[in-house]
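Report on the structure given below.
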Amino acid sequence: MTYMNRWQKTNLLIFLVLLIGWSACQDKEDINPNRSLDPNEKINTWIKDVMDEVYFWLEQMRPAIAKTAAPEDYFKSLLNIPTDRFSVIYPDYQELMNQLQGVNLEAGYEILLARESATNNNVIAFVTYVKKGSPAELAGIKRGDRIERINSERLTLESFQRLLRERSSNHSISLFRYNEEVGTFQALPSVSLTVTEIAEDPNFLDTIYTVNNEKVGYVVYHFFAPGTSSNPTQYDDRMDQIFANFKAESIDHLILDFRYNGGGFVSSAINLASLIAPNVTQNDVFSKRLFNSFLMRFENFQNVETKFRSKSENLGNQLKSNKVYILTSSRTASASELIINGLKPYMDVVIVGDITTGKNVGSVPLEDENNPDNKYGLLPIIFKDANKNGESEFSNGFLPNIQGVELRNQNRLLPFGDTNELLLKLALDRIQGNQQAGSRLSTFDIETIGSTFEQKRNFGTIIEIDPELKLSLKNLK
C-alpha cells in the first residue's frame with residue numbers, strides 16, 4: 001500500500017511537471033511577438049488596449065468577442081450599451097477628422113423627415129438648410145422646400161433609409177415649394193445634383209434686429225469646429241469678428257441658434273462661451289472633467305479643469321438682465337449642451353425650443369501610431385464634463401423654458417432670420433416682454449421620424465484635442 005502511494009505520487013509529480021512545462025510553452029507561444037497575427041487581431045488588440053485604459057465606463061465594459069472579428073463588431077461588443085450611445089469607430093482616421101471639421105462629399109443640403117399622413121406610408125423630406133457654395137445652393141434649393149422622390153422613387157417608410165444613402169452619389173430629387181399666394185406647396189421641375197467635397201462653414205448666419213428700440217444679435221451656428229486643415233482657426237476667427245461687431249453695435253440681447261448643432265470641438269465651445277459669459281478670463285472655470293477609475297490614479301487626470309479665454313470681443317455686461325437666449329431642438333447635443341451648462345453659473349440661460357439630446361460625456365480622437373496598416377480611428381467616451389458648480393447630470397437633456405417644435409407648431413420651415421420663423425419669433429416675443437410666448441401655439445398632425453443630422457460624424461460629439469491631454473494618454477504606455 002505504501003509502495004503504491006509512492007508510485008502514484010511520483011507519477012503525479014511527473015505529470016504536473018510536464019503539464020506546467022507544456023502550459024508554459026503554450027503561453028510563450030501565445031505571446032510570441034513573431035507569431036503571424038490575423039490583421040484584424042492586430043487591430044482589435046490595439047482597440048482592447050485603448051479601451052482598457054481610457055473608456056469612461058471601464059467597470060461596465062462588456063466581454064470581448066473573438067479578436068479575429070471585424071474591428072467594427074469587436075469595438076461595439078465592448079460598449080456599455082444602452083448607456084453609451086455615442087462611442088464611435090471609423091474606418092479611416094483622417095476621414096474622421098475631416099468630417100469632424102465639416103468636410104464631406106455631398107450635394108450640400110440637410111433634411112428633416114416626416115410622415116405624410118398617419119393613413120399612409122409616404123414620407124416627406126423638408127429641407128432644413130442649404131450649404132453655401134454647394135451644388136444644392138447652385139441648383140436653387142431653399143430651406144422649407146419639400147422632397148418626395150429621390151432618383152424618381154417615392155420616399156416611404158420602407159424605402160426612405162435606402163434612398164437617403166443614394167444622396168452620397170449623384171442623384172435627382174423631386175421638389176415642392178410653398179406658394180404664399182395660394183397657400184399650398186406646388187411642384188417644381190426635378191433637380192439633378194452632383195456631389196462634391198464641401199468644407200462647411202458652421203457660421204451660417206448672423207444679423208442684428210432692432211426691437212422696441214433695443215438691439216438683438218442673432219447667430220445661427222451649426223457645429224463646433226475651429227477651422228480646416230488649411231486654415232485651422234478660420235471659423236473661430238469668424239465668430240470673433242461677429243462678436244466684435246455685436247460689441248461695437250452695443251447689442252442688448254443675444255440669441256444663439258443651436259437647433260441643428262449636434263456638437264463638435266471643445267476648443268470652439270470654449271471660444272464661443274468666452275465671448276458671452278460676462279468679463280470672464282483665463283482664470284475662470286468653464287468645466288470640470290471626470291475620468292475613469294484607472295485614469296484617476298494618475299495626477300494628470302485628477303482635478304482637471306478647462307478655463308475660459310480672455311477675449312477682447314467679450315460682451316461684458318452689455319446683455320440686459322445678464323440673459324442669453326438659446327434656440328434648441330431634439331438635435332441640439334453635446335458641445336451645444338456643454339455651452340448651456342458652462343454658462344449657467346455665470347448668467348441666465350433661456351432655452352427656447354425642444355428638449356435637447358442629453359450628452360454630457362466626451363471623446364478624444366485616437367489613432368494607432370504604431371501600425372501603419374491600421375487606418376481606423378476611435379472616438380470612445382473618455383470623460384464626463386461638469387460646470388463650475390459641479391453640475392453634470394443632463395443626460396436626459398435640457399428642458400426648454402419656452403417650448404416650440406418645428407413641424408409640430410409650425411407646419412413649414414420659414415427662412416432663417418425671418419422674424420415670423422417659429423423659434424426666432426418665440427425668443428423675440430419673450431425679449432419684447434411677452435411672458436406667455438409659446439403658450440398658444442398651433443399644433444399640426446405631423447410626425448417627424450428622423451433627419452440627416454444623426455448621420456453626420458460630428459453629431460453627438462464633444463471632441464477634445466488638447467495636446468497636453470493627448471500626450472498624457474500616450475504616456476500611459
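Examine the stretch 442-455 for a residue that is over 30 Å from R167 (Cα atoms) and open to solvent by 30 Å² or more (accessible area, probe 1.4 Å), and state whether such a residue exists. Looking for residues that are over 30 Å from R167 (Cα atoms) and open to solvent by 30 Å² or more (accessible area, probe 1.4 Å), one finds at least one in the stretch 442-455, hence yes. For F243, the test of being within 16 Å of the chain's Cα centre (by Cα) and within 30 Å of N104 (Cβ to Cβ) is failed. Exactly one residue among K359, K375, K288 is under 30 Å from G404 (Cα atoms) and not polar (S, T, N, Q), and that residue is K359. For the stretch 375-392, what are the residues that are farther than 21 Å from D84 by Cβ and surrounded by 20 or more Cβ atoms within 10 Å (Cβ to Cβ)? Once the filter is applied, which keeps residues that are farther than 21 Å from D84 by Cβ and surrounded by 20 or more Cβ atoms within 10 Å (Cβ to Cβ), the stretch 375-392 yields only N387. Checked against (1) under 30 Å from N434 (Cα atoms); (2) loosely packed, with under 13 Cβ neighbours inside 10 Å, S152 passes all but a single condition, namely (1).
Every listed requirement among (1) open to solvent by less than 10 Å² (accessible area, probe 1.4 Å); (2) more than 23 Å from I340 (Cβ to Cβ); (3) in a loop (DSSP other than H, G, I, E, B) is met by G433 save one, (1). Taking the stated definitions as given, is S472 modelled with pLDDT under 95, closer than 30 Å to S274 by Cα, among the polar types (S, T, N, Q) and under 23 Å from the mean Cα position of the chain (by Cα)? Answer is no for this residue.
Of the residues making up the stretch 456-475, those that are part of a helix (DSSP H, G or I) and either open to solvent by 80 Å² or more (accessible area, probe 1.4 Å) or closer than 30 Å to S321 by Cα (or both) number 4.
Candidates in the stretch 224-264 are the residues that are surrounded by fewer than 19 Cβ atoms within 10 Å (Cβ to Cβ) and among the hydroxyl-bearing types (S, T, Y); of these, the one that is nearest to G316 (Cα to Cα) is S250.
The values are calculated or read from the model by the stated rules, or taken from the named source; none is laboratory data. The structure displayed is predicted, hence computed values, not measured ones. Virtual Cβ from ideal backbone geometry, glycine too; neighbours counted across all protein chains shown. To get the accessible areas, we keep the full protein, side chains included, count just its heavy atoms, and leave off ligands, DNA and RNA. Shrake-Rupley method; radii C 1.70, N 1.55, O 1.52, S 1.80 Å.
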